[in-house]
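Okay, so here's the structure we're looking at.
FYI, it's all coordinate maths here, none of it is from the lab. None of these values were measured; they are calculated from a predicted model. Quick reminder, even Gly has a Cβ in these numbers, built from the backbone with ideal geometry, and neighbours come from all protein chains shown.
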Amino acid sequence: MKVIFHPRSYEVYTSDPAAAPGRMEAIVKALEKDFDFAEPGPASEADLAKVHGRQHIQSIKSDPIVYEIGLLAAGGAIQAAEIAFHGEPAFGLIRPPGHHASPHSCWGFCYFNNIAIAIKKLISEGKIKSALILDFDLHYGDGTSNIFGSSKEVSYFHPEGTNRETFLKELQRCLHTERSYEIIAVSAGFDRHEEDWGGMLKTEDYFSIGEWVKESSLEKCQGRRFGVLEGGYNHSVLGRNVKSFLQGFRD
Ligand SMILES: [Zn+2]
């Protein structure tokens, strides 16, 4: 299992909670002893253009720091997807997050849709034809849904359960009933934790989710799976929550 991380994502590129100082440090500290890290290169503008319109790309470019870090985040998702395609699970420890980025607009601390760019790239290179994107962030990934809403090949699923039990059941049901696909990509947001904004999930639930995704991927797509970081804002629990997820997710 590889954790894809670029040290430039330590930079505080805006004043939003996803860009807050100490956020990536908290996660790296929790993971560095137990996981292999690899450094991504930036995505290319052609990679961005697989998902985003020219005007949207130009508007993000007007802030050079956000643009550079955004390219590294998309590049991290691409690298995680590539490693997963070759059979090793991977996690893109990246920011800015991406699931609120649509083809021509963005909000919610997102700029480019990292996971969508990674999936579109695998498809455009003829490596896969289908994918399941599972998003367990507190918030609905409207950007990802807008990008793949009409796609027959790529399914987007965001469990909406209103309490811990129904949420986890719904998530499990999706993994059991979804038709076959060639890779599972996880938009891993940790803001639904009991000590984060959503006030719902326990740390061990992330381990279970990681394990369920692993089992489903082994059953349906030769274990091909990757995740990327989306939300998660309480730095005092974020590291252990990401670690719990990855311990279930890894081989
Ligand atoms: Zn969120």
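Of the DSSP beta bridges with both residues in the chain, give the percent that are antiparallel, rounding to the nearest 5.
The antiparallel fraction comes to roughly 5 percent.
Apply the Karplus curve 6.51 cos²θ - 1.76 cosθ + 1.60, θ = phi - 60°, to the phi angles in segment 158-165 and return the couplings in whole Hz, x for Gly and Pro.
For segment 158-165, the Karplus-derived couplings read 10, x, 10, x, 8, 9, 4, 5 Hz, x marking Gly and Pro.
Working out 0.36 nm times the residue gap between GLU211 and LYS169, then minus their Cα-Cα distance, what length gain in nm do you get to one decimal? Walk me through the intermediate numbers first.
Details: separation 42, 0.36 × 42 = 15.12 nm, distance 1.40 nm.
Taking 0.36 nm per residue and subtracting the Cα distance, the gain is 13.7 nm.
How big is the chain on each of its three principal axes, counting only the C-alpha atoms and giving the largest first in Å?
44, 40, 34
Tell me the Kirkwood hydrodynamic radius of segment 110-156 in angstroms, computed as one over the mean inverse distance between distinct C-alpha pairs.
11.1 Å
Rg and Dmax of segment 57-206, Cα atoms, in Å?
Values for segment 57-206 (Cα only, Rg and Dmax): 15.3, 44 Å.
Can you pull the percent of Cα pairs in segment 11-67 with separation above 19 Å?
51 percent
About the Cα centre, and with charges only on the beta carbon of Lys, Arg (+1) and Asp, Glu (-1), how big is the dipole of the chain? Nearest 20 debye, please. Please list the in-between numbers first.
On the way: 27 positive and 34 negative charges, 98 e Å.
Taking the Cα centre of the chain as origin, the dipole is about 480 debye.
Measuring from label point to label point, each 7 Å out along Cα→Cβ, what is the GLU25 to GLU39 span in nm?
Inter-label distance under the simple model: 2.0 nm.
With label points built 7 Å along Cα→Cβ from the Cα atoms of SER236 and TYR140, find their separation and express it in nm.
Result: 3.3 nm between the two label points.
For GLU125 and THR177, calculate 0.36 nm times their separation in residues minus their Cα-Cα distance, and state this gained length in nm to one decimal. Before the final figure, lay out the partial values.
Details: separation 52, 0.36 × 52 = 18.72 nm, distance 2.77 nm.
Using 0.36 nm per residue and subtracting the Cα-Cα distance, I get 15.9 nm.
For a bin width of 10 Å, list the pair-distance distribution of segment 58-103 built from all Cα-Cα distances, rounded to whole %.
27, 47, 21, 5
Looking at this model, which pairs from LYS33/LYS169; LYS50/LYS127; LYS33/LYS127; LYS50/LYS169 are more than 25 angstrom apart at the alpha-carbon?
From the list (LYS33/LYS169; LYS50/LYS127; LYS33/LYS127; LYS50/LYS169), the Cα-Cα distance tops 25 Å for LYS33/LYS169; LYS33/LYS127; LYS50/LYS169.
Sum -39500 (n - 2.57) across every DSSP H segment of at least 4 residues in the chain, then divide by the residue count to get the 222 nm mean residue ellipticity, nearest 500.
Numbers: 9 runs with 108 residues, N = 251.
Calculated from helices alone, the mean residue ellipticity at 222 nm is -13500 deg cm²/dmol.
Report the relative contact order of the chain, percent, no decimals, based on alpha-carbon pairs under 8 angstrom and at least 6 residues apart. Please report the intermediate quantities before stating the final value.
Numbers: 555 pairs, mean separation 54.9, N = 251.
That works out to 22 percent.
Considering only THR162, THR14, THR144, give the residue with the highest GNM mean-square fluctuation for the chain, with springs between Cα atoms whenever their separation is below 10 Å.
Looking only at THR162, THR14, THR144, the largest GNM fluctuation is found for THR162.
Mind checking which lysines have their C-alpha under 16 Å from LYS29, skipping anything on the same chain fewer than 8 residues away?
Once the sequence-local lysines are set aside, what remains near LYS29 is LYS2, LYS243.
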